């Protein structure tokens, strides 16, 4: 895992992984995939370049420019921290005055401003767990009452689900786009696009407790088996 820390701590940890990889030690996930997965802007750019559907997004440093983007994105956006997980630090903003205050406050903190069009969804999304070129399990995460986020960390309810082949292919392509061998891929149905799936993000340091409990998948054993096969090759 890559635990939270100061910028110096995170850079040092990534440097340590890079040194191990350079010395020929197999590192899963590789350091570059972890860097990409942590950086929402870079990950989204690579997903889009791979031809996958992603939310309409604007990223920059100017609050005034961000307000223009707010209007262009339909006046209903999710403002996310560039680095973050489990739904923490996200705000859904659908009022221009609140957007103005929020964006200018973030600008004063020297934050990068990351806005995405709020996806009109059916109240749930998918977390697909990928190991290598295989989907080992998936859960459907339902948003709690009165909440737009579906993350289990904020009270979302997880249930096991079966995926059709097309959705599995999207998840595998998403993991491949960021170079992750082990990945948690978040997908959501966009009701304004006829229910087509959009890739929200790819987590290259994915947790799996909710998946294990809901889908009865021993993810640790699956990863160890994958590493055994990889080592033999």
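The values are calculated or read from the model by the stated rules, or taken from the named source; none is laboratory data. No experiment lies behind these values; they were computed from the predicted model shown. Here Cβ is always computed from backbone atoms with ideal geometry, including for glycine, and neighbour counts include all displayed protein chains.
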Legend entry - Matching option when the condition is over 24 Å from residue 173 (Cα atoms), more than 22 Å from the chain's Cα centre (by Cα), modelled with pLDDT of 90 or more and assigned to a helix (DSSP H, G or I), among 98, 106: 98
Legend entry - Flag if residue 158 is outside any strand (DSSP E or B), modelled with pLDDT under 95 and either more than 14 Å from the chain's Cα centre (by Cα) or more than 18 Å from residue 36 (Cα to Cα) (or both): no
Inset, instruction - State yes or no: is residue 25 in a helix (DSSP H, G or I), loosely packed, with under 12 Cβ neighbours inside 10 Å and either on the phi > 0 side of the Ramachandran plot or not assigned by TED's automatic domain parsing to the domain that holds residue 209 (or both)? - result: no
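What residue, of 198, 185, 202, is free of Cβ contacts under 8 Å to residues at least 60 places away in the same chain and in a strand (DSSP E or B)?
185
Restrict the check to region 1-12 and report whether at least one residue is surrounded by 13 or more Cβ atoms within 10 Å (Cβ to Cβ), part of a loop (DSSP other than H, G, I, E, B), touching a helix residue (DSSP H, G or I) at 6+ places or on another chain (Cβ under 9 Å) and at pLDDT below 95. Steps first, answer last, please.
Step one: list which residues in region 1-12 are surrounded by 13 or more Cβ atoms within 10 Å (Cβ to Cβ), which gives 2, 10.
Checking the rest, the ones that are also part of a loop (DSSP other than H, G, I, E, B) come to 2.
Narrowing the set further to residues that are touching a helix residue (DSSP H, G or I) at 6+ places or on another chain (Cβ under 9 Å) leaves 2.
If we keep only those that are at pLDDT below 95 too, we end up with 2.
Yes, region 1-12 has at least one match.
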Inset, instruction - Could you figure out which of (1) crowded, with 16+ Cβ neighbours inside 10 Å; (2) farther than 21 Å from residue 193 by Cα isn't true of residue 15? - result: (1)
Inset, instruction - Of the numbered conditions (1) touching a strand residue (DSSP E or B) at 6+ places or on another chain (Cβ under 6 Å); (2) within 19 Å of residue 186 (Cβ to Cβ), residue 48 fails exactly one; give the number of that condition. - result: (1)
Inset, instruction - Just give me the residues in region 137-167 being crowded, with 17+ Cβ neighbours inside 10 Å and closer than 23 Å to residue 46 by Cβ, in sequence order. - result: 138, 151, 163, 167
Inset, instruction - Just give me the residues in region 35-49 being surrounded by fewer than 19 Cβ atoms within 10 Å (Cβ to Cβ) and either in a loop (DSSP other than H, G, I, E, B) or within 11 Å of the chain's Cα centre (by Cα) (or both), in sequence order. - result: 39, 41
Inset, instruction - Looking for whichever is not assigned by TED's automatic domain parsing to the domain that holds residue 92 and not in a helix (DSSP H, G or I) here; the options are 167, 136. Which one fits? - result: 136
Inset, instruction - Output the number of the condition that residue 38 fails; it satisfies all remaining conditions of (1) under 30 Å from residue 183 (Cα atoms); (2) in contact with a helix residue (DSSP H, G or I) (Cβ under 6 Å, 6 or more places away or on another chain). - result: (2)
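Does residue 181 satisfy the condition of being in the same structural domain as residue 207 (by TED's automatic domain parsing) and exposed (fewer than 15 other Cβ atoms within 10 Å of the Cβ)?
The answer is no for residue 181.
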